[in-house]
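For reference, the structure is listed below as structure tokens.
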Amino acid sequence: MRYKDYNCWCQVLRGPLNDIIVLDNTHVLAGPFAGRLLGELGAQVIKVEPPYGEMGRRLGYHWFASVNANKKFIAINLKDDEGKKILYELVKKSDVFLTNYKYSTVIKLGLSYEDLKKVNPKIIYLQLTGFGTEGPYKDVPAHDIILQSLSGMAYTNGFPDDPPIRCGPPVIDVVAGLCSALSIVAALYHREKSGEGQFIDIALYDAAIMLMIEHLAYYFMGYPERLGNANPMQTVYNIFKAKDGYVAVVTGEDAQWNALLKIMGREDLKADPRFKTLPERSKHRTIIDEIVESWTKNIFLKDAEKLMTSVDFPIAPVRHLESILNDPQVKERQMIVKLPHPVLNEVVTPGSCMKLSKTPGKVESPGYPIGYHTEEILKSLLGYEDDRIKALKEKGIIV
């Protein structure tokens with residue numbers, strides 16, 4: 001549905017999707033992140049929440065405001081027939097509908113793909129669930145640590161003699177969100193050519209298996225399943241103690257190994273038969289790590305940072321999150337943005353990594369309070385009058 005056909009109910013994001021309207025009926029991280037990405041590309045994303053807000057709000061105001069950037073917010077009681085009617089009106093004027101509720105829930109609410117395509121045959125409908133719409137796990141509850149455990153991710157993460165450990169960042173949710181956004185762009189392209197909408201089935205578990213692409217290859221190549229920081233394709237691939245923290249060092253090819261020896265002042269090791277070739281160095285990784293740490297423990301993080309930018313060699317300080325806020329590379333790429341917020345005053349969130357030369361991704365507004373734009377959307381997009389909006393509020397159908 002072309003945005004230009006409607007009144008200016010929200011700010012214009014001059015991106016490649018700026019004439020696309022998305023209804024985001026998702027919660028927590030993966031689904032909302034997909035909606036955020038579409039918003040970064042200019043889509044007009046309307047976050048549809050229940051009157052009490054989606055469960056992601058319980059994780060903290062700043063968390064929610066960051067994950068749900070670039071959206072407008074409407075709160076509707078979808079359990080009420082009148083509330084459902086409002087949603088159907090929005091569906092008629094929209095291009096995309098996102099949900100990550102279980103199939104049984106959307107059936108009960110009358111929000112399945114079969115229901116909505118009757119309202120808008122060209123709608124692109126994405127359902128993002130833990131395990132997809134088919135298979136023996138389709139009704140199993142999904143949480144990040146459950147998915148990391150089932151997929152082998154937790155088993156391959158950690159050091160050889162330690163128990164499995166969860167990967168810190170929620171990589172499965174983020175990748176599932178990326179796959180969702182990419183699938184929607186592909187579906188929009190298909191609709192442009194064919195005039196057809198379609199159903200998209202995205203599973204968090206599928207995303208987790210996809211993330212194991214490298215470790216599956218290692219398994220069939222016979223490498224150990226849990227290596228700590230090590231990489232079987234590299235000689236040095238570890239984090240080492242420094243005087244005031246930790247540094248990461250990598251060497252693989254001979255040129256990098258020779259550069260490291262020169263930096264450490266240990267060019268005498270070039271003649272050591274244990275270290276002459278990559279296969280030989282890989283056999284003696286533990287000894288090499290000890291040699292490297294005997295050097296790193298005498299340098300400061302600032303020394304590692306200076307080496308990182310002055311020599312062609314992979315080394316970096318291990319930073320606290322606070323450090324990235326002042327990183328000159330992050331600033332140059334505008335990867336941390338500060339957005340004004342009506343409750344928090346300011347929200348600090350990552351910028352867009354989609355640097356298109358003509359239509360770059362943008363992060364221009366934070367996630368707002370429940371129903372912050374309800375009246376604006378109903379007036380500008382659906383043409384509701386003040387009296388009707390007031391009556392709906394009094395009935396508790398909208399917030």
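The table that follows gives values for the structure above.
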quantity: Answer from ASP206, ASP161 - the residue that is under 16 Å from the mean Cα position of the chain (by Cα) and either surrounded by 16 or more Cβ atoms within 10 Å (Cβ to Cβ) or free of Cβ contacts under 8 Å to residues at least 24 places away in the same chain (or both); calculated: ASP206
quantity: Evaluation of ASN298 against (1) modelled with pLDDT under 95; (2) not in a helix (DSSP H, G or I) (one fails), failing number; calculated: (1)
quantity: Failed item in (1) without any contact (Cβ under 8 Å) to a residue 12 or more places away in the chain; (2) in contact with a Leu (Cβ under 7 Å, 6 or more places away or on another chain); (3) not assigned by TED's automatic domain parsing to the domain that holds PHE240; (4) not polar (S, T, N, Q), with GLU267 passing the rest; calculated: (3)
quantity: Meets criteria (closer than 21 Å to THR99 by Cβ, among the small types (Gly, Ala, Ser) and at pLDDT 70 or above) for GLY42; calculated: no
quantity: Subset of the range 109-126 that is in contact with a helix residue (DSSP H, G or I) (Cβ under 7 Å, 6 or more places away or on another chain) and not aliphatic (A, V, I, L, M) - its residue that is farthest from ILE200 (Cα to Cα); calculated: GLY110
quantity: Meets criteria (exposed (fewer than 15 other Cβ atoms within 10 Å of the Cβ) and not assigned by TED's automatic domain parsing to the domain that holds PRO369) for SER357; calculated: no
quantity: Tally, over the range 80-108, of residues that are in a loop (DSSP other than H, G, I, E, B) and either modelled with pLDDT under 95 or in contact with a Pro (Cβ under 7 Å, 6 or more places away or on another chain) (or both); calculated: 2
quantity: Residue in the range 164-174 that is in contact with a strand residue (DSSP E or B) (Cβ under 6 Å, 6 or more places away or on another chain), surrounded by 15 or more Cβ atoms within 10 Å (Cβ to Cβ) and not hydrophobic (A, V, I, L, M, F, W, C) present; calculated: no
quantity: Qualifying helices (runs of 4 or more DSSP H) (wholly inside the range 304-397; at least 2 residues being closer than 30 Å to TYR237 by Cβ and free of Cβ contacts under 8 Å to residues at least 24 places away in the same chain); calculated: 321-324, 328-332
quantity: Any hit, the range 143-155, residues being under 28 Å from LEU381 (Cβ atoms) and either in the same structural domain as LEU204 (by TED's automatic domain parsing) or among the polar types (S, T, N, Q) (or both); calculated: no
quantity: Test: residue in the range 225-235 that is basic (Lys, Arg) and out of contact with any helix residue (DSSP H, G or I) (no Cβ under 6 Å at 6 or more places or on another chain); calculated: no
quantity: Options VAL96, VAL106, VAL67; residue that is closer than 14 Å to GLY367 by Cα, of a type in the set (Val, Ile, Thr) and surrounded by 19 or more Cβ atoms within 10 Å (Cβ to Cβ); calculated: VAL67
quantity: Meets criteria (hydrophobic (A, V, I, L, M, F, W, C) and either assigned by TED's automatic domain parsing to the domain that holds PHE159 or buried (at least 18 other Cβ atoms within 10 Å of the Cβ) (or both)) for ALA255; calculated: no
quantity: Residues that are acidic (Asp, Glu), out of contact with any helix residue (DSSP H, G or I) (no Cβ under 8 Å at 6 or more places or on another chain) and over 14 Å from GLY245 (Cβ atoms), drawn from the range 274-323; calculated: ASP289, GLU290
quantity: Filter result for the condition that a residue is under 20 Å from ASN100 (Cβ atoms) and touching a residue at least 12 places away in the same chain (Cβ under 8 Å), over TYR155, TYR125; calculated: TYR125
quantity: Sole residue being surrounded by fewer than 19 Cβ atoms within 10 Å (Cβ to Cβ), within 23 Å of the chain's Cα centre (by Cα) and closer than 21 Å to PRO16 by Cα, chosen from SER194, SER183; calculated: SER183
quantity: Residue count for the range 109-149, restricted to those that are part of a loop (DSSP other than H, G, I, E, B), of a type in the set (A, V, I, L, M) and within 23 Å of the chain's Cα centre (by Cα); calculated: 2
quantity: The listed residue being in the same structural domain as ILE46 (by TED's automatic domain parsing) and within 18 Å of GLY177 (Cβ to Cβ), out of LYS92, LYS118, LYS84, LYS71; calculated: LYS71
quantity: Residue within the range 164-172 that is in contact (Cβ under 8 Å) with a residue 12 or more places away in the chain and either under 28 Å from LEU392 (Cβ atoms) or in a helix (DSSP H, G or I) (or both) present; calculated: yes
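The values are calculated or read from the model by the stated rules, or taken from the named source; none is laboratory data. Here the structure is a predicted model, which means the values were calculated and not measured. Note that each Cβ is placed from the backbone with ideal geometry, even for glycine, and that neighbours are counted across all protein chains shown.
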